[in-house]
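**Q** I am attaching a structure below and will ask some questions about it afterwards.
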Amino acid sequence: MRILIVGAGGVGNAIAVGLARRDFFEHAVVADVALARAEATRDQVGDKRFVAAAVDASDRAAIVELAKSERIDTIMNACDPRFNMPIFDAAYEAGCTYLDMAMSLSQPHPDDPHTKTGVMLGDEQFARSADWEAKGLLALCGIGVEPGISDVFARYAADHLFSEIHDVGVRDGANLVVDGYSFAPTFSIWTTIEECLNPPVIWEHDRGWFTTAPFSEPEVFDFPAGIGPVECVNVEHEEVLLIPRWVDCQRVTFKYGLGDEFIEVLRTLHLLGLDSTTPVTVRGVEVSPRDVVAATLPDPATLGDKMHGLTCAGTWVTGTGKDGAPREVYLYHVSDNDECMAKHGCQAVVWQTAMNPVVALELLEAGTWSGAGVLGPEAFDAVPFLDLLRENGEPWGIDERT
């Protein structure tokens with residue numbers, strides 16, 4: 001396998017760190033619009049299989065040229081989802097397998113955004129699935145942590161734990177703190193604003209996909225590993241668009257433990273128009289308000305030595321077990337920030353996202369996972385993924401709640 005990683009931010013860097021410990025590939029290009037950042041990742045891993053390159057993630061033609069010149073067969077998109085389509089299209093044109101960790105962006109319904117869906121997450125990519133299939137190419141979308149391992153958990157539950165599933169609820173919570181900051185998001189603020197302020201999507205078997213208001217339906221969810229009860233709210237996320245396509249169930253939701261303070265900051269940004277991606281002119285310079293917000297906040301990749309605590313990603317499933325009795329389980333993965341920093345040099349949220357595409361790449365190289373078209377993680381057998389995850393030193397758990 002010859003891999004092109006587009007994006008050398010926190011997650012792209014962590015993917016390179018994870019890849020450097022495995023022997024299933026022969027060559028990896030770390031590419032970023034800032035060459036110095038790609039070079040820093042190359043130097044950090046200290047592996048002769050890695051080279052650095054400069055590329056603009058919005059420039060489809062430049063990505064195609066780089067992929068062809070480096071004889072790339074697999075493109076790993078490690079950028080914000082606003083760059084998905086040029087990277088996705090470049091992979092198709094170059095004849096490469098494609099992976100990402102978040103799908104193409106949504107557009108709220110123009111008249112009734114809190115009831116009806118508009119353009120949904122992933123719609124642009126799914127619309128091109130037949131083209132990818134006809135060409136015999138695979139686009140594996142949403143293979144981070146959420147979406148990603150959460151979707152794998154849903155597939156595992158359907159195949160091995162339940163005879164009938166009612167609810168699939170992805171639930172994310174943490175007790176992370178960042179020393180020295182009153183407000184410091186632990187993941188890309190651009191993506192966080194996008195998913196938290198858009199209308200959340202819910203799926204029901206008899207109704208299909210519909211929307212609700214941001215931060216709606218708060219519930220307290222008890223997370224394992226000592227995190228404990230955390231209030232979670234509805235947030236727009238890919239799992240709700242992915243899971244029903246491959247897992248037979250009655251309802252799918254995604255809820256995130258944001259906290260009151262975080263929600264108020266997001267609401268204030270929206271109130272002031274600072275969540276907008278439409279450029280405004282400031283002293284003769286055009287700039288996106290959301291990019292300004294991102295520029296004023298610390299880079300999440302640099303916060304690792306100031307962060308403490310745990311983050312948990314998982315999938316809560318209810319229904320009827322294989323024995324015919326009611327069953328309720330929470331399948332989960334927990335990352336401890338101090339352990340992640342000591343073992344990997346990456347903060348917990350970044351590492352928890354990056355480890356999953358590394359596992360998926362290895363399964364694709366081995367032929368254990370294969371396919372054509374635009375597919376989500378649920379389209380593949382979960383067991384090889386979860387076994388290899390453990391082999392990579394990342395245990396996962398099942399919390400029985402019946």
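**Q** Quick check: anything in segment 213-227 within 22 Å of the chain's Cα centre (by Cα), closer than 25 Å to Asp100 by Cβ and among the hydroxyl-bearing types (Ser, Thr, Tyr)?
**A** no
**Q** Residues to consider are Ala295, Ala342, Ala313, Ala325; find the one that is surrounded by fewer than 14 Cβ atoms within 10 Å (Cβ to Cβ), among the hydrophobic types (A, V, I, L, M, F, W, C) and closer than 18 Å to Asp167 by Cβ.
**A** Details: Ala295 fails: closer than 18 Å to Asp167 by Cβ; Ala342 fails: closer than 18 Å to Asp167 by Cβ; Ala313 fails: surrounded by fewer than 14 Cβ atoms within 10 Å (Cβ to Cβ).
That would be Ala325, the only listed residue that is surrounded by fewer than 14 Cβ atoms within 10 Å (Cβ to Cβ), among the hydrophobic types (A, V, I, L, M, F, W, C) and closer than 18 Å to Asp167 by Cβ.
**Q** Val152 - would you say it is outside any loop (DSSP other than H, G, I, E, B), of a type in the set (A, V, I, L, M) and either surrounded by fewer than 19 Cβ atoms within 10 Å (Cβ to Cβ) or touching a Gly at 6+ places or on another chain (Cβ under 9 Å) (or both)? Lay out the reasoning, then the answer.
**A** Working: outside any loop (DSSP other than H, G, I, E, B): yes; of a type in the set (A, V, I, L, M): yes; either surrounded by fewer than 19 Cβ atoms within 10 Å (Cβ to Cβ) or touching a Gly at 6+ places or on another chain (Cβ under 9 Å) (or both): no.
Against the criterion (outside any loop (DSSP other than H, G, I, E, B), of a type in the set (A, V, I, L, M) and either surrounded by fewer than 19 Cβ atoms within 10 Å (Cβ to Cβ) or touching a Gly at 6+ places or on another chain (Cβ under 9 Å) (or both)), Val152 does not qualify.
**Q** What are the residue pairs meeting all of these: first residue in segment 346-359, first residue free of Cβ contacts under 8 Å to residues at least 40 places away in the same chain, second residue outside any helix (DSSP H, G or I), Cβ atoms under 9 Å, and 6 or more apart or on different chains?
**A** Between residues of segment 346-359 that are free of Cβ contacts under 8 Å to residues at least 40 places away in the same chain and residues that are outside any helix (DSSP H, G or I), the close pairs are Val359/Ile143; Val359/Asn392; Val359/Glu394.
**Q** Answer yes or no as to whether Ala213 is part of a loop (DSSP other than H, G, I, E, B), farther than 25 Å from Val292 by Cα and in contact (Cβ under 8 Å) with a residue 60 or more places away in the chain. I'd like the intermediate steps shown before the answer.
**A** Values: part of a loop (DSSP other than H, G, I, E, B): yes; farther than 25 Å from Val292 by Cα: yes; in contact (Cβ under 8 Å) with a residue 60 or more places away in the chain: yes.
Spelling it out, Ala213 is indeed part of a loop (DSSP other than H, G, I, E, B), farther than 25 Å from Val292 by Cα and in contact (Cβ under 8 Å) with a residue 60 or more places away in the chain.
**Q** Would you please name the residue that is surrounded by the most Cβ atoms within 10 Å (Cβ to Cβ), looking only at residues in segment 256-283 that are farther than 13 Å from Leu197 by Cα and in contact with a strand residue (DSSP E or B) (Cβ under 6 Å, 6 or more places away or on another chain)?
**A** Gly257
**Q** Let me ask something additional. Just one of Glu378, Glu362 is in contact (Cβ under 8 Å) with a residue 24 or more places away in the chain, part of a helix (DSSP H, G or I) and under 22 Å from Asp131 (Cα atoms); which is it? I'd like the intermediate steps shown before the answer.
**A** Details: Glu362 fails: under 22 Å from Asp131 (Cα atoms).
None of the other options fit; the residue is Glu378.
**Q** Based on what the data block shows, is Arg22 basic (Lys, Arg), surrounded by 14 or more Cβ atoms within 10 Å (Cβ to Cβ) and touching an Asp or Glu at 6+ places or on another chain (Cβ under 8 Å)?
**A** Values: basic (Lys, Arg): yes; surrounded by 14 or more Cβ atoms within 10 Å (Cβ to Cβ): yes; touching an Asp or Glu at 6+ places or on another chain (Cβ under 8 Å): yes.
Taking the combined requirement at face value, the residue satisfies it.
**Q** Conditions: (1) crowded, with 19+ Cβ neighbours inside 10 Å; (2) touching a Pro at 6+ places or on another chain (Cβ under 8 Å); (3) in a loop (DSSP other than H, G, I, E, B). Thr368 meets all but one. Number of the miss?
**A** Here Thr368 clears every test but (1).
None of the figures in this text is laboratory data; all of them are computed from the coordinates on show. These numbers were taken from a predicted model, which means no experiment stands behind them. Heads up, the Cβs are rebuilt from the backbone with ideal geometry, glycines too, and the neighbour counts pull from every protein chain shown.
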